[in-house]
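Q: So that we are looking at the same thing, I have put the structure below in structure tokens.
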Protein chains: 2
Amino acid sequence: MIITGSIEKARMISCKRAKLGKAVGFIPTMGALHKGHLSLVKKARKECDFLMVSIFINPTQFGSKGGYKGYPRSLAKDKKQLKEEGVDLLFLPKESTMYPLGKERASVCVCENNLSKTLCGESRPGHFKGVCTILTKLFNILRPNIAYFGQKDYQQALIVKKLVKDLNFSTKIRVLPIIREEDNLAMSSRNIYLKGLARKSSRCLYQALELAKKLIKSRERDPKRVINQMKQLVKSGELAKIDYIEIVDASSLKKLKWIKGKVLIVLAVYIKKVRLIDNIILNVKK
Amino acid sequence: MIITGSIEKARMISCKRAKLGKAVGFIPTMGALHKGHLSLVKKARKECDFLMVSIFINPTQFGSKGGYKGYPRSLAKDKKQLKEEGVDLLFLPKESTMYPLGKERASVCVCENNLSKTLCGESRPGHFKGVCTILTKLFNILRPNIAYFGQKDYQQALIVKKLVKDLNFSTKIRVLPIIREEDNLAMSSRNIYLKGLARKSSRCLYQALELAKKLIKSRERDPKRVINQMKQLVKSGELAKIDYIEIVDASSLKKLKWIKGKVLIVLAVYIKKVRLIDNIILNVKK
């Protein structure tokens, strides 16, 4: 596995493979890799000739300095895992490489102004601007044929698809299913902060999604009633504070008056100070 | 000369040349080509193995519908000239190709938030957002090694350089000198709208720049005094209405308290309803 922090070297290596007609795959990460990331790596390894992973904790997508500083880091372990999975190139730039004049003086940014206005975009102003900007930079450096994202960040994946479409990137976006712990907690780098009771409380996210699924299966079609029951379930648990619980159209992310079609049931919940998100997609026939 | 309106075809052709290691050049235009454009074409033709020109009147960079609708068009003549100059590929997309869902539903945009806040950016809100977004799209489609811009749109060229740097495009930006009519009016597609007295009045832009140059040569260093004299000159002419006249640092575009270093003297003037811009750069030693 080639490891480099140099934009020019990474660009050159990737470009060389693309010129040879190789299928070049890419998985952008912020490190602290878990089984969710590794599921992307395994799938991409099967589909691509040359596989690149980046680890870069992007400061411009965090609202608070604490969020950035407190983000989990496990670089030695990450490197080992990526090597074992047969990754070809690990791109590991420094902050000063990606933002050479400091992130404040990077005056060009990429914004999505529709899908990013709701859900996590509403709770975390500027987050998706940071995401779109860093992905544009990484795509421009590495020029992948295919890039892989996890469904846990469903809104992010949808925004990245729009980014690629609206800005005419030639990269294909693949979105792969959520990987869960044994008790169904969605895999997340932040899960390591959940100990004891907090870890146990975190089950309420998936339980709420299961409850919604059950209600909809038993013909409930009013999103308000479903959301209310989900809220009650989450509130009844200890340590949990709801950020949002929504049922939206899975393509437009618009709120629904009636549950029908491809719907996204999605929630963000704080367990103590750890913000967790989860979602399921249902195809509701009538 | 290959002419295509297809993104996929243009992308494929350009990509093929790049894979062969050819130097691929690109000149984005809005058509209505004049000697300024052709000077870029001639220079690029010498420097590149494969030369691409686009003609696309980008609706998202016009503030008013009138500006877009009234923009001059001379496609047949443009094609003939480009062919004669030996251009290899003319990319000629329709609006529905560049904005397939309509420009309102293209929710991703690229913004520059520093250099674009002043001068033309102040007079034309949203203009540079439109420029940055369409150039990102065109660069992503055509992936040129070098792209050419004229110094008449000095602010645009500076913003494009920042765009390329901040978003890690591998394209090099070349900025070539202003080409002028015999009476020193800067070449512009809009000049065809200037007849009789209006055409004669338009000389005031360059005259004002010449006056500034003379004043600075005779050791005037106070930008306010120079600007005031320029304003008097422009105002004294018929039909002219000043949009802005400024003396700024040529790198930061910040207003100067004292004329020193590499300075940009720049103005935008309406002659009747035709908005004209012009500029000169001076290296002022002390």
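Q: Any chance region A:220-230 includes a residue that's open to solvent by 100 Å² or more (accessible area, probe 1.4 Å) and closer than 26 Å to residue A:187 by Cβ?
A: No: zero hits.
One line per residue, one yes/no per condition, for (1) under 21 Å from residue A:133 (Cα atoms); (2) open to solvent by less than 20 Å² (accessible area, probe 1.4 Å); (3) within 20 Å of the chain's Cα centre (by Cα); (4) away from chain B (no Cβ under 14 Å):
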| residue | (1), (2), (3), (4) |
| --- | --- |
| A:33 | no, yes, yes, yes |
| A:40 | no, yes, yes, yes |
| A:50 | no, yes, no, yes |
| A:68 | yes, no, yes, yes |
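Q: Test of understanding: among B:135, B:82, which residue is more than 10 Å from chain A (Cβ to nearest Cβ) and either more than 20 Å from residue A:135 (Cα to Cα) or not in a helix (DSSP H, G or I) (or both)?
A: B:82
Q: Out of (1) away from chain A (no Cβ under 14 Å); (2) open to solvent by 10 Å² or more (accessible area, probe 1.4 Å), what's the single condition that is false for residue B:13?
A: Checking residue B:13 against (1) away from chain A (no Cβ under 14 Å); (2) open to solvent by 10 Å² or more (accessible area, probe 1.4 Å), the one that fails is (1).
Q: Same structure, new question: Please find, within region A:240-275, the residue that is nearest to the chain's Cα centre (by Cα) out of those that are on the phi > 0 side of the Ramachandran plot and open to solvent by less than 70 Å² (accessible area, probe 1.4 Å).
A: Filtering region A:240-275 for residues that are on the phi > 0 side of the Ramachandran plot and open to solvent by less than 70 Å² (accessible area, probe 1.4 Å), the one nearest to the chain's Cα centre (by Cα) comes out as A:253.
Q: Anything in region A:106-120 that is within 15 Å of the chain's Cα centre (by Cα) and surrounded by fewer than 22 Cβ atoms within 10 Å (Cβ to Cβ)? List them, or say none.
A: Result: A:120, single match.
Q: Quick check on region B:80-95: of everything there that is more than 17 Å from residue B:8 (Cα to Cα) and not β-branched (Val, Ile, Thr), which residue is least open to solvent (accessible area, probe 1.4 Å)?
A: Here the answer is B:82.
Q: Residue B:87 is checked against (1) among the β-branched types (Val, Ile, Thr); (2) over 19 Å from the mean Cα position of the chain (by Cα); (3) under 22 Å from residue A:135 (Cβ atoms) and fails just one. What number does that condition carry?
A: (3)
Q: Among the residues of region A:147-180, how many are open to solvent by 20 Å² or more (accessible area, probe 1.4 Å) and either in contact with a Lys or Arg (Cβ under 9 Å, 6 or more places away or on another chain) or more than 13 Å from chain B (Cβ to nearest Cβ) (or both)?
A: Of the residues in that region, 15 qualify.
Q: Pick out the one residue from B:14, B:39, B:54 that is of a type outside the set (A, V, I, L, M, F, W, C), in contact (Cβ under 8 Å) with a residue 12 or more places away in the chain and assigned to a strand (DSSP E or B).
A: B:54
Q: Are any of the residues in region B:112-120 touching a helix residue (DSSP H, G or I) at 6+ places or on another chain (Cβ under 6 Å), at pLDDT below 95 and charged (D, E, K, R)?
A: No, because not a single residue in region B:112-120 is touching a helix residue (DSSP H, G or I) at 6+ places or on another chain (Cβ under 6 Å), at pLDDT below 95 and charged (D, E, K, R).
The values are calculated or read from the model by the stated rules, or taken from the named source; none is laboratory data. Keep in mind that what you see is a predicted model, and the values were worked out from it rather than measured. All Cβ positions, glycine included, derive from the backbone under ideal geometry; neighbour counts span all protein chains shown. Just so you know, the surface numbers come from the protein's heavy atoms only, side chains and all, with ligands and any DNA or RNA stripped out. Shrake-Rupley method; radii C 1.70, N 1.55, O 1.52, S 1.80 Å.
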